[in-house]
Amino acid sequence: MARVKKSEQTAQAKPEALTVAEWLARQAHQDMLRFITCGSVDDGKSTLIGRLLWESQQIFDDQLAALTADSKRHGTQGDQIDLALLVDGLAAEREQGITIDVAYRFFSTPRRKFIVADTPGHEQYTRNMVTGASTADVAVLLVDARQGVLTQTRRHAYLVSLVGIRHVILAINKMDLVAYDRQVFDAIQASFKDMAATLGFDSVTAIPVSALKGDNITARSAQTPWYQGPTLMACLETIEIEPPAHAKAAFPVQWVNRPHADFRGFSGTLASGELAVGDEVRVTASGQVARVARIVTADGDLGAANAGDAVTLVLDREVDSSRGDVLARADQPLEMTDQFEATLVWMQDDAGLVGRAYELKLANQWATASITALKYRVDVNTQAHESCRKLGLNDIAVVNLALSRPLVFDTYEQSHTLGGFILVDKFTHATVATGMIRHNLRRAQNVHRQALSISREDRERLNGHQGKVIWFTGLSGSGKSTIANALEKELHAQGRRTYILDGDNVRQGLNKDLGFTDADRVENIRRVAEVARLMMDAGLIVMTAFISPFRAEREMARELIGQDHFIEVFVDTPLELCEQRDPKGLYKKARSGQLPNMTGINSPYEPPEHPNLVVDTRQASLQDTVSHLVQRLTDSR
């Protein structure tokens, strides 16, 4: 059996080795602390974690052999073992000697279990650092004693505060390279505490360490007789993490557990608060109530469940609840909202734009969401507020978000589960942002949908035809407006009620405040889609002639209007032919540099992937195109 051991190269006396069985046995009945290491590049984060693993006897024989071999190939410590390689697992990390991805490691001492996340120091990997910090209780923030508090130190301190970490251990590393000078330590400690005064930390503990030499890691160093505080390990073992006071019980339903006809339970993890057998609970969205009859776990029933417990709740009566619902104590109801203010950390190369639709995941709940306002972007180096029109990679901003339906929520300060969310791209399914709810918007409670006596079906019967939206898309000069105008003339002659929303006409009134940046184009199409939906609801056949260059906004319009009432027509005219036509002289201006945002020239156009109809104006005549569209409308009645 492999044994956990330390190398004889360490300056500390070699403790007794443990068998795997002994090591596993001592894990029982210990609490868990999650912490991150962060700081500037080359401050020694990976080396520090490697030292903690080494000192806590978490290295097995096969790991030691691999580490020894890797140290010879990639190490930076000469003939000595390079402890940083225990954490830097990516080939690029070892080649460059930096941390890129978040590396998680588990270790324990007789007093506590730990999960540590080694997060990158480079600014371009801010999203990785935020990911690692989002589940941590404590941050170990490293500072190179030779460099002091740097811009990246300030950046990471702000990010740590942003994700709700309230305890910071300031590990002033590489003290061996400044001859363990107390004045250096004191100056850095004072500088950091002054900077962190506005960040809301509950505690900041400064410790002089040398991750490479092992000073003040697990045992007090003889090199720093002037330091009387705890070692790093002692601080991690004894720091107390208080749960939010008076937290309401929140139980997001993960799945409905029904193995047979005689058992029906709701499985999930209690996010906050506690629930006991006999408590009356409420399905927040529907308001249905029932009492907890059983709390079932794999190890038998419990009388009560606490935050973090994975359980199955069996209720005393049938309620209509499924994945995505959130159960709460009936006497401690949770709130719902469809609009709130949040802090966003943008994690994607593609820009975040006002009006663009994303999928939002909050606990187990999903909804379509869009940014309705970019209030300001935060310069994390200075904490200054800056105006912005779009979000770029690693940007942090305060925004307003609107959802397609109300969700159960709380502020991030009160509940990380019900206050933290992600935004997901509808097409690539990539996570584009992570967010933290700051507060609900009052307008969510002030605005209510008014029930109308006359429905769309009533208006359609009066008109004698269904309401539809025919969405023409294509490059400028492709023929969108020409086809839409000819179609309306034919439909009008047949006695159908119609209207054309043309790009140029709309920009002279409703959208005259918008330019042609990507953000303005997104907002332009969002407004047009809303107007088209209202006109369709009036029973009209609406034709929209807009370039609408982005696939995401066209799909937003389709989703808003409804699949059965939306016909996307791609006027597929090549750019060369559009330039030859150039009816408005726009391409000529773009080629001469007078028009900086011309679609097809210096701004992208994303052709539809699955349009309802493709029109090639080089082959199809105008009359044939109109006849085909009229027939399409007739067939869809």
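The values are calculated or read from the model by the stated rules, or taken from the named source; none is laboratory data. Computed from a predicted model, the values in this text were never measured in an experiment. Glycine also receives a Cβ, built like all others from the backbone with ideal geometry; neighbour counts cover every protein chain displayed.
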**Tally of residues being in a helix (DSSP H, G or I), within 30 Å of Leu462 (Cβ to Cβ) and among the small types (Gly, Ala, Ser) across segment 538-597** = 1
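Table: residues versus (1) assigned by TED's automatic domain parsing to the domain that holds Ala342; (2) charged (D, E, K, R); (3) surrounded by 18 or more Cβ atoms within 10 Å (Cβ to Cβ); (4) touching a helix residue (DSSP H, G or I) at 6+ places or on another chain (Cβ under 8 Å).
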| position | (1), (2), (3), (4) |
| --- | --- |
| Arg405 | yes, yes, no, no |
| Leu487 | no, no, yes, yes |
| Glu490 | no, yes, no, yes |
| Arg497 | no, yes, yes, yes |
**Asked** Take the residues of segment 205-217 that are surrounded by 20 or more Cβ atoms within 10 Å (Cβ to Cβ) and among the polar types (S, T, N, Q): which is nearest to the chain's Cα centre (by Cα)?
**Response** Ser210
**Asked** Do we find a residue being within 18 Å of Gly474 (Cα to Cα), free of Cβ contacts under 8 Å to residues at least 60 places away in the same chain and among the acidic types (Asp, Glu) anywhere in segment 573-581?
**Response** yes
**Request:** Search segment 421-437 for residues being closer than 26 Å to Gly164 by Cα and among the β-branched types (Val, Ile, Thr), and hand back the single one that is farthest from the chain's Cα centre (by Cα).
**Result:** Ile437
**Asked** Out of the residues in segment 456-478 that are touching a helix residue (DSSP H, G or I) at 6+ places or on another chain (Cβ under 9 Å) and of a type in the set (S, T, N, Q), which is surrounded by the fewest Cβ atoms within 10 Å (Cβ to Cβ)?
**Response** Gln466
**Asked** Do we find a residue being assigned by TED's automatic domain parsing to the domain that holds Ala529, under 16 Å from Gly479 (Cα atoms), charged (D, E, K, R) and at pLDDT 90 or above anywhere in segment 582-594?
**Response** no
**Prompt:** Applying the selection to segment 270-292, what residues are out of contact with any helix residue (DSSP H, G or I) (no Cβ under 7 Å at 6 or more places or on another chain), surrounded by 16 or more Cβ atoms within 10 Å (Cβ to Cβ) and either charged (D, E, K, R) or closer than 17 Å to Asp309 by Cβ (or both)?
**Reply:** Leu270, Gly273, Leu275, Val277, Asp279, Val281, Arg282, Val292
**Subset of segment 457-512 [over 42 Å from the mean Cα position of the chain (by Cα), in a loop (DSSP other than H, G, I, E, B) and among the charged types (D, E, K, R)]** = Arg496, Arg497
**Prompt:** Within segment 196-206, is even one residue out of contact with any Gly (no Cβ under 8 Å at 6 or more places or on another chain), within 24 Å of Arg51 (Cβ to Cβ), of a type outside the set (A, V, I, L, M, F, W, C) and modelled with pLDDT under 95?
**Reply:** yes
**Message:** assigned to a loop (DSSP other than H, G, I, E, B), closer than 22 Å to Thr109 by Cβ and touching a residue at least 12 places away in the same chain (Cβ under 8 Å): which single residue out of Lys248, Lys213 fits that description?
**Reply:** Lys213
